[in-house]
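Working notes, structure below.
Each reported figure results from applying straightforward, stated rules to the coordinates on display, with no laboratory input. A quick note: this is a predicted structure, and the numbers were derived from the prediction, not measured. Neighbour counts are summed over all protein chains in view; Cβ atoms, including those assigned to glycine, are modelled from backbone coordinates with ideal geometry.
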Amino acid sequence: MRVRGLRNGSAPPGQVVGEEQGVDYRIPELRRLAEEFRAAFVQAKANFPEYLRDRTKSFPKNSCDHASALLGRYLQEQGYSPVQYAFNGSRGPSGPNREIHAWLEIDNIILDITASQFTDQPEAVMATRDPSWHSTFGGVKREPVVSQLHFNQRLKQEYEKAYAEIKRYLSAG
């Protein structure tokens, strides 16, 4: 049996994670980490630097790119790799009503802490292998989350400050 894509290379004691069993023990842990991160993000966003504070004030609406990039960094620090940033997914009519979305993927596990901004998705945190809802967004591009975190120098500095705020709330919780 094969063990692959595990955090820190280990499975729960006595259990093997693999395609053969059809069970992935990472999903509950990833959901827990994402829920904790989302709660810390909500608490910390009022203290973000101006640019990110402005763009995340209506979280989860219009915050998926920044929230996903910051969550990706957190998951990498927790030992998950590779973390893919899925972005530019869009659906609906052209123009101002077009919906655009971003989320994370780890070994085909979708992690999304902003899906609830859409009326057809009530879950605040998604951790799933089921791509049916996310596949409604066409034109999705994927790249390592680290490239989003280093997009440009100004944004990199803002992400660093915002991430420090989030970590402060994660440590307090």
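Using the C-alpha atoms of segment 68-131, what convex hull volume per residue, in cubic angstrom, is computed?
Enclosed volume per residue, from the Cα hull, is 90 Å³.
Given the C-alpha atoms of segment 28-172, compute the convex hull and give its volume per residue in Å³.
With only Cα atoms used, segment 28-172 gives 110 Å³ per residue.
If you keep only loop residues by DSSP, which trypsin sites (Lys or Arg not before Pro) in segment 38-135 have at most 14 other Cβ atoms within 10 Å of their Cβ?
57, 61, 98, 129
Considering every pair of different Cα atoms, what Kirkwood radius, in Å, is found for segment 104-173?
Evaluated on segment 104-173, it is 14.4 Å.
Enumerate the residues in segment 122-142 having an amide nitrogen under 18 Å from the point lying 7 Å beyond the Cα of residue 97 toward its Cβ.
137-138
How large is the dipole of segment 28-172 about the Cα centre if only Lys and Arg carry +1 and Asp and Glu carry -1, each at its Cβ, rounded to the nearest 20 debye?
In debye, rounded to 20, segment 28-172 gives about 360.
What's the center-to-center distance, using Cα atoms, between segment 29-60 and segment 74-97 in Å?
Segment 29-60 and segment 74-97 have Cα centres separated by 15 Å.
DSSP loop chymotrypsin sites (Phe, Trp or Tyr not before Pro) in segment 28-57 with at most 13 other Cβ atoms within 10 Å of their Cβ, which ones? Walk me through the numbers on the way to the answer.
Values: sites: 37, 41, 51; in loops: none.
In loop regions of segment 28-57 (DSSP not H, G, I, E or B), there are no sparsely surrounded chymotrypsin sites (Phe, Trp or Tyr not before Pro).
Can you give the extra length, in nm with one decimal, that the chain gains between residue 107 and residue 172 once fully stretched, where that is 0.36 nm per residue apart less the Cα-Cα distance?
20.4 nm
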